[in-house]
1. Kindly write out, for the stretch 367-379 in residue order, the coupling ³J(HN,Hα) from the Karplus curve 6.51 cos²θ - 1.76 cosθ + 1.60 (θ = phi - 60°), rounded to whole Hz, with x marking Gly and Pro.
2. Using only the Cα atoms of the stretch 283-412, build the gyration tensor, take square roots of its eigenvalues as a ≥ b ≥ c, and label the shape rounded, prolate or oblate: rounded if a/c is under 1.5, else prolate if a/b is larger than b/c, else oblate.
3. Which order do the peptides 163-171, 151-159 take when ranked by the mean count of other beta-carbon atoms within 10 Å per residue, highest first?
4. Over the stretch 316-459, what relative contact order in percent results from Cα pairs under 8 Å that are six or more residues apart?
5. Can you tell me the order of 134-140, 430-436 when each peptide is scored by its average per-residue count of other Cβ atoms within 10 angstrom, highest first?
6. Add +1 for every Lys or Arg and -1 for every Asp or Glu among the other residues with Cβ under 13 Å from the Cβ of residue 198, and state the total.
7. Just to be sure I understand the model, the point goes 7 Å from the Cα along the line to the Cβ. What's the resulting residue 293 to residue 255 distance in nm?
8. How would the stretch 221-306 be classified by its alpha-carbon gyration tensor: rounded, prolate or oblate, with rounded meaning a/c under 1.5 and the a/b versus b/c comparison settling the rest?
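Every number here is computed from the coordinates shown, using simple stated rules; none is lab data. Quantities reported herein were computed from a predicted structural model and do not represent experimental measurements. Cβ placement follows ideal geometry from the backbone for every residue including glycine, while neighbour counts extend to all protein chains displayed.
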Amino acid sequence: MRTRLSIKWRVSLISIGTIAGITVLFTLFIYFSLSKWMMEQQDHAALTSTQHIALAYPGNIEQGSNNSNDKSQSWLSQFASKNQTFYIIGLNGKTIATLGNAFGVLPHSIGLTHAQKGTLTHVVERGHSFVRIILPSRSESGDTVAWVISYASTDVVQAYITALVRVLIFGSLLALILAGLSGYVMSFVALRPITDIIRRMHHMDAFSIKGRLPHDSGRDEIAELAKTFNEMLDRIRKTIEKQNEFIADASHEFRSPLTVIEGYTNLLDRWGKDDPAVTERSIGAIKKEAARLRRLTNGLLQLASLANVQLESTPCDAKRVVEEVVLQFSEVFQRNIAFECSDVSVMTEMQSEHLHQVTAILLQNAVKHTSEGQGISVRAVRQKSGLLLAVEDKGEGIDPEHLPHVFDRFYRSDRARSRSTEGFGLGLAIAKEIVGLYQGTIQVVSERGKGTVFSVTIPAR
């Protein structure tokens, strides 16, 4: 398994790599720039001195005299330089004068071909580097009277370049070391708040999340991280509280029918089985509570299954489905339920069984909280955004403090009447889950003593 480096080491290595790249590029730039400049200066100095000799030579030496060689040698001595050697070659190829022999006799009896006339080249002779220059020396009439060959040593320049390379290498290594140290120190300082966050997180678990990470009011990334983490802890805490409440409520709902079943079973076991009336009453109660357990179990299973349901794109006629549910409830509960739908058909992407169930849940809730004579109405309207389904009743209404919780699981606004209304507080929670599958919304508006309106909106796809 590959081991990942810590962020501090990664930041340090990135800093070293970045500085190394910049340093290499800068070093190469300095090396080539200075090397080129120094060699150009060397070439220019050598060329200037050679040109000066080539221009001045014809006017200072009387050509053709018997002692012209001696005069040439004497005249040439004024240009003496320890790093440069000069040769004046006659047209016949013989050496007229020589100046400077620090490097020994250098090749000067070369064949002066057309390609070599007036050239500047870099050569290596006797283990030394030179700039070799060949220039013609002309008379006032423009005739070539001699050739000037000079060798200018570049050893000093090469020594400077070698020293420059050493300095650049040393400076680069020093820069890399400083970059690594500074990168590690900066990463340590920058990541210290994160280290503190990790340390605090190690002391938290799913059952002990009351602690919060400290953060200032700044807008830097560390403060945002701590703030986001605290918000996540708040959401987890609320989820755990809801889960604990759900478990407690579910346990209570299961305990009630089980207690009744156990009580009647003990009654039958002790003496009730000898009394037909007690036996009949006990069996009826046990069957009733078993049915309650079955409904409760089915509701919980449905809530769990909705999280993994696969939606199918099967549009249905909302008017037909809702009207069918309204007719069923009107006949079963003997209620006058008004249905309003101005369109011939209202198509929706919600599956028909889901629309049927949501409508039935809302109508069952309306019937449960209204008495005979109190009106119930249902509207199915096609809007630009999708389907609007509204169920309104003129019943007892819901107190304002209960409205935010009506869609919570096992929540009932009047727990004292829970047994008489035969409810578990799961219907509206199931309706909300189903509507959420289609990215829809379900809302409630109610006023105590005046009634309640549940509105469902299913967006068009």
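1. Going residue by residue, I get 5, 5, 10, 10, 10, 4, x, 7, x, 9, 9, 10, 10 Hz, with x marking Gly and Pro.
2. It is oblate, given that a/c is not under 1.5 and a/b is not larger than b/c.
3. Those peptides, ordered most packed to least, come out 151-159, 163-171.
4. On the way: 259 pairs, mean separation 34.5, N = 144.
Worked out over the stretch 316-459, it gives 24 percent.
5. Ranking the peptides 134-140, 430-436 by packing returns 430-436, 134-140.
6. Taking every Cβ under 13 Å from that of residue 198, the sum is +3.
7. Output for this residue pair reads 1.6 nm.
8. Numbers: a/c = 8.86, a/b = 3.71, b/c = 2.39.
Prolate, because a/c is 1.5 or more and a/b exceeds b/c.
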